[in-house]
1. Might you tell me the accessible area per residue for the chain, computed with a 1.4 Å probe and given in Å²?
2. Classify region 145-202 from the C-alpha gyration tensor, please: rounded if a/c falls under 1.5, else prolate or oblate depending on whether a/b exceeds b/c.
3. Taking amide H positions as placed in the peptide plane 1.01 Å from N, state which residues far from L66 in sequence (5 or more) or on other chains have amide H under 5 Å from it.
4. Carbon-plus-sulfur fraction of the accessible area of region 140-201, 1.4 Å probe, in percent?
5. Excluding same-chain residues fewer than 8 positions from K188, which aspartates and glutamates have a Cα within less than 19 Å of its Cα?
6. Quick one: if the Förster radius is 41 Å, what FRET efficiency do F76 and L195 give, using the C-beta to C-beta distance and rounding to 0.05?
7. Karplus couplings for region 87-99 from phi (6.51 cos²θ - 1.76 cosθ + 1.60, θ = phi - 60°), rounded to Hz, Gly and Pro as x?
8. Any idea what the dipole of the chain comes to, in debye rounded to 20, about its Cα centre with Lys/Arg Cβ at +1 and Asp/Glu Cβ at -1?
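The values are calculated or read from the model by the stated rules, or taken from the named source; none is laboratory data. Given the structure is predicted, the values throughout are model-derived calculations rather than measurements. Cβ atoms come from the backbone with ideal geometry, glycine included; neighbour counts cover every protein chain shown. For accessibility, only protein heavy atoms count, side chains too; no ligands or nucleic acids. Shrake-Rupley method; radii C 1.70, N 1.55, O 1.52, S 1.80 Å.
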Amino acid sequence: MKPWVLGLTGGIGSGKSAVVEAFGRLGVHWVDADHAARWVVEPGRPALGLIVDRFGDGVLASDGGLDRAALRELVFREPEQRKWLEQLLHPLIRQEVAEHLSRATSPYAIMVSPLLVESGQHQQVARVLVVDVPEALQLERAIKRDQSGEAQIRAILNAQVGREERLRHADDVLVNDRDRAWLESEVKRLHDFYLTLRGGQE
């Protein structure tokens, strides 16, 4: 039987990676839309050339790859540019993700996407798991991890859909505000539950 797909999302700094890696250790096949977003702009892929044509060589790193930080700064300042970039990349990312999910052999597979709700990807999955944390903890984690200033992290937070809207689309919620051992036990609990579902439905 074809695996059903769980969409996993959460705001910046919520700990999506830690959660999906825990599922991975339980044998669940997963793909991260953020990783796919990097693959589609690798040197030699058409998207990179189109991005350089639009934004100039300033978005290239010294090794010829995409300087994601430089591009992020440009598009977060200008909504029109962000819209153009999303229209270019979202279909390519969707295709890349679908290809990876089609290779899954576990009973269910996970698509991780920070923009699951905003991009409409939640309509392509059987079930949605939201990793949720209080905003103060989100900020603290994201600043520490990305070595970014608070203003830049807040800009990313504001560009993402609000917590309430994200939770509105959730079938399941994992509140990731405790230690790693607790997180692992929550993932195991959800995994055992997901194994009982047919096509993601109770």
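1. I get 53 Å² per residue for the chain.
2. It is oblate, given that a/c is not under 1.5 and a/b is not larger than b/c.
3. Hits under the 5 Å cutoff: A61.
4. 47 percent
5. E21, D132, D171, D172, D177, D179, E202
6. Efficiency at R0 = 41 Å is approximately 0.55.
7. 5, 6, 7, 4, x, 5, 5, 4, 5, 4, 5, 4, 4
8. For the chain, the charge dipole is close to 360 debye.
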